[in-house]
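Here the structure comes first, spelled out in structure tokens, and everything after it is commentary.
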Amino acid sequence: MGDVWFVTGGARSGKSRFAERLAAGTGREVVYIATLEPLDAEMEHRIARHRESRPAEWGTIEAPRDLLTALDAAPVDACVLLDCLSLWVTNLLLDAAPEAGPEAVRALAFDLERRVAALLDAASGRPGPFIVVSNEVGAGLVPEHALGRAFRDLLGWANQQVAASASRAWLIVAGRTLELPPSEPID
């Protein structure tokens, strides 16, 4: 059945461009699931630039929160490219009212683990590859603010969950690609 491919790296590392090349190389119809919301003029410009750079025949599903419904809406034989897991986690974190404290973050962590598991389960039942793009945030400084630390932790856990299910994974650094070895359980 369908493979999960995981592409991670820092901001502006070239991970989206690499993932798009992977998707194009499958020879399948491609459906792009976009998670960025146009919250300001700069984000609207980014979204427009991304849309213009993709092949016209690719389908796009805007899904800032409900990835499972978006995946279910894609043709079953398509290659689905999710760009990106980082913004999805951001959207869910900001919706969870993080000012409520660590309890809200813990609740979101459990919910996020469940949502990622359901998404990966749905992807495994599809014949086409499911390509997940995400930022690698674990190599930087510890964020000064609680919200930043919550984001780093939540995304780190989600990335681990996706990477553990992925048949292939790549780390992109400064436009250079490193294919990662198969996942081994972490004790």
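A few points about this structure:
- Annotation note: of Asp111, Asp83, the sole residue that is at pLDDT 90 or above, under 19 Å from Trp5 (Cβ atoms) and charged (D, E, K, R) is Asp83.
- Consider the range 40-83 and keep the residues that are β-branched (Val, Ile, Thr) and under 17 Å from the mean Cα position of the chain (by Cα). The one that is farthest from Glu29 (Cα to Cα) is Ile47.
- Test: residue in the range 89-103 that is at pLDDT 95 or above and closer than 25 Å to Trp58 by Cβ: yes
- Matching residues, the range 61-85, being in a loop (DSSP other than H, G, I, E, B) and without any contact (Cβ under 8 Å) to a residue 12 or more places away in the chain: Asp66
- Residue satisfying all of: in the range 1-26; open to solvent by less than 60 Å² (accessible area, probe 1.4 Å) and either assigned to a loop (DSSP other than H, G, I, E, B) or more than 26 Å from Glu179 (Cβ to Cβ) (or both); modelled with the lowest pLDDT among these: Gly2
- The range 42-59, subset assigned to a helix (DSSP H, G or I) and open to solvent by less than 70 Å² (accessible area, probe 1.4 Å), residue farthest from Tyr32 (Cα to Cα): Met43
- For Ala109, the test of being open to solvent by 40 Å² or more (accessible area, probe 1.4 Å), touching a residue at least 40 places away in the same chain (Cβ under 8 Å), assigned to a helix (DSSP H, G or I) and of a type outside the set (D, E, K, R) is failed.
- Every pair of residues 6+ apart whose Cβ atoms lie under 6 Å, when the first sits in the range 32-56 and is under 20 Å from Ser134 (Cβ atoms) while the second is acidic (Asp, Glu) and surrounded by 13 or more Cβ atoms within 10 Å (Cβ to Cβ): Ala34/Glu62
- Residue list for the range 161-187, filter: assigned to a loop (DSSP other than H, G, I, E, B) and surrounded by fewer than 18 Cβ atoms within 10 Å (Cβ to Cβ): Ser167, Ala174, Gly175, Pro181, Pro182, Ser183, Glu184, Pro185, Ile186, Asp187
- Here Glu29 meets the list (1) closer than 18 Å to Ala78 by Cβ; (2) charged (D, E, K, R); (3) at pLDDT below 95 almost entirely, failing just condition (3).
- Among the residues of the range 118-144, the ones that are of a type in the set (D, E, K, R), outside any helix (DSSP H, G or I) and either free of Cβ contacts under 8 Å to residues at least 60 places away in the same chain or closer than 25 Å to Ala96 by Cα (or both) come to 2 in all.
- Test: residue in the range 145-160 that is modelled with pLDDT of 90 or more, open to solvent by 30 Å² or more (accessible area, probe 1.4 Å), touching a strand residue (DSSP E or B) at 6+ places or on another chain (Cβ under 9 Å) and outside any strand (DSSP E or B): no
- Any hit, the range 135-144, residues being closer than 30 Å to Ala78 by Cβ, open to solvent by less than 50 Å² (accessible area, probe 1.4 Å) and of a type in the set (A, V, I, L, M): yes
The values are calculated or read from the model by the stated rules, or taken from the named source; none is laboratory data. Computed from a predicted model, the values in this text were never measured in an experiment. Don't worry about glycine lacking a Cβ; one is built from the backbone with ideal geometry, like all the others, and counts go over all protein chains shown. Please note that ligands, DNA and RNA were not included when accessible areas were found on the heavy atoms of the full protein model with its side chains. Shrake-Rupley method; radii C 1.70, N 1.55, O 1.52, S 1.80 Å.
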